[in-house]
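Asks: Could you have a look at this structure, given as structure tokens, before my questions?
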Amino acid sequence: MHSDFENSFARIHLLFHADQHAITPDGIQSKINSHGYLFSPQQVKQELDYLLSEGYLYSQDSLYDITPRGKDELRSVQQYLETLYQEVVKNK
């Protein structure tokens, strides 16, 4: 998968997991990689820091949690994913 797509999907996964509970880069890496990504600890941290810079996450020490803006964005993405799934996967 092209890195632009992979990064977008990984960010969605990270937001989803941060919505479930606060996460750490080391703690979430194996979970993210179990979805088929091959992210190093540095890449996971880089993606978390990107989400932080966009205001979707906040951090305290190495713990990342979702912000209200992140929750709104995740809900919006979930709606788009449902439509995409129905069109692309269901109708193949």
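The values are calculated or read from the model by the stated rules, or taken from the named source; none is laboratory data. What you see is a predicted model; the values in this text were computed from it and never measured. When we count neighbours, we look across all protein chains shown, and the Cβ atoms used for this are built from the backbone with ideal geometry, even at glycine. With ligands, DNA and RNA removed, areas are computed over all heavy atoms of the protein, side chains included. Shrake-Rupley method; radii C 1.70, N 1.55, O 1.52, S 1.80 Å.
Asks: Among GLN42, GLN60, GLN78, which one shows the biggest mean-square fluctuation in a GNM of the chain, springs joining Cα atoms closer than 10 Å?
Replies: Judging by the Gaussian network model, the answer is GLN60.
Asks: Add -39500 (n - 2.57) for each DSSP H run of 4 or more in the chain, then divide by its residues: what number comes out at 222 nm, to the nearest 500 deg cm²/dmol?
Replies: On the way: 4 runs with 57 residues, N = 92.
Counting only the DSSP helices, I get -20000 deg cm²/dmol.
Asks: Please list LEU52, LEU84, LEU57 from largest to smallest accessible area, probe radius 1.4 Å, with all protein chains kept in place.
Replies: Correct descending sequence by accessible area is LEU84, LEU52, LEU57.
Asks: Enter the accessible area of THR24 (Å², nearest 10), with the probe set to 1.4 Å and all protein chains included.
Replies: Using a 1.4 Å probe on the heavy atoms, I get roughly 40 Å².
Asks: Something else now. Springs between alpha-carbon pairs under 10 angstrom, Gaussian network model over the chain: which of LEU48, LEU38, LEU15 fluctuates most?
Replies: In this elastic network of the chain, the residue with the biggest mean-square fluctuation among LEU48, LEU38, LEU15 is LEU38.
Asks: Put a dot 7 Å past each Cα toward the Cβ at ASP19 and TYR85; how far apart are the dots in nm?
Replies: 1.1 nm
Asks: Further question on the same structure: Collect residues whose amide H, placed 1.01 Å from N in the peptide plane, falls under 5 Å from the amide H of THR24; neighbours closer than 5 in sequence don't count.
Replies: Answer set, sorted by chain and number: TYR64.
Asks: Tell me the per residue accessible area of the chain using a 1.4 Å probe; a whole number in Å² is fine.
Replies: Result: 67 Å² of accessible area for each residue.
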